[in-house]
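Okay, so here's the structure we're looking at.
The values are calculated or read from the model by the stated rules, or taken from the named source; none is laboratory data. Bear in mind the structure is a predicted one, so any value in this text is a computation, not a measurement. Cβ atoms come from the backbone with ideal geometry, glycine included; neighbour counts cover every protein chain shown.
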Amino acid sequence: MVDGGNNDLPFYKPDLHICLVDSLRPTDEEHYYPGETNVRLSDMILVTKVNSLPDGLQQAHDHAEHLRTLIKPYTPVFFGKSVVTPEAKNPDTGELLSEQDAAAMVKGKKVLVIDDGPTLTHGGMAYGAGYAMAKDLEAAEIVDPRPYAAGSLKGVFDKFTHIKNVLPAMGYSEEQIQDLADTIHATPCDTVIIGTPSDLTDLMDLQRPSVVARYELELVEEHDPPFHEVLDSFYERFYSSHHSAA
């Protein structure tokens, strides 16, 4: 499985080439390399995050129609949702709290959202999973971190002016971690929401409660059976060919 963005091509020829594309960035598939190459080579395409689209599945269907101008006519296109859930630990024992208790740390609270830096900067997104969870769980306020930005993060906000209500985690060098920690400590909030691939509590003391945004792929209901039919068909062909060769 490969990402349809600007990550990389497979390092070896896959038996089944699955390409993920982001529904929040339609048409990016033809503007970035090797994203377009991955789309054209794919045996199956999965359009992700369709539950985050303002106009629902109609936008996803429009995206699929655009994709069909790039792909082989028989390449199937499926839709998937990104389901975001809160995760928090008991600060004394380190044990995971219930999802309900983690959600209560966000609902009605003043929160600072930290999302993945590359997604927000060269990825062009205004927000990520942390922001989506804050909205879903009805945070009272999502604090604008720009007035509290420290060090190199000031330049990030100056350069990427579309970033407003989230704090990008730009990297994990000593300087970047310190700038991020200083910004977090200076920002007035009740809870910090972590939407980054790395759990920031392993890198620094946030000095306030934190909730991690976990997200999982869930296929749109009507696409679940045909998606698994394609996988089953592939497995049967793969097993048969390799079994007969043996």
### Task
Would you please name the residue that is surrounded by the most Cβ atoms within 10 Å (Cβ to Cβ), looking only at residues in the range 90-106 that are touching a residue at least 24 places away in the same chain (Cβ under 8 Å) and more than 30 Å from Gln58 (Cβ to Cβ)?
Ala102
### Query
Does at least one position in the range 168-178 carry a residue that is assigned by TED's automatic domain parsing to the domain that holds Ala104 and within 12 Å of Leu112 (Cα to Cα)?
yes
### Gln100 vs. criteria of a type in the set (S, T, N, Q) and either assigned by TED's automatic domain parsing to the domain that holds Gln178 or not in a helix (DSSP H, G or I) (or both)
yes
### Message
Quick test for you: out of Thr119, Thr93, Thr161, pick the one residue that is under 25 Å from Ser23 (Cα atoms), of a type in the set (S, T, N, Q) and in a loop (DSSP other than H, G, I, E, B).
### Response
Thr161
### Query
Being at pLDDT below 90 and of a type in the set (Val, Ile, Thr), is that true of even one residue in the range 40-53?
no
### Task
Kindly check whether there is at least one residue in the range 137-147 that is in a helix (DSSP H, G or I), in the same structural domain as Pro209 (by TED's automatic domain parsing) and more than 21 Å from Tyr172 (Cα to Cα).
yes
### Task
Taking Ser233 as meeting all but one of (1) among the hydroxyl-bearing types (Ser, Thr, Tyr); (2) within 25 Å of Leu20 (Cβ to Cβ); (3) in contact (Cβ under 8 Å) with a residue 24 or more places away in the chain, write down the number of the exception.
(3)
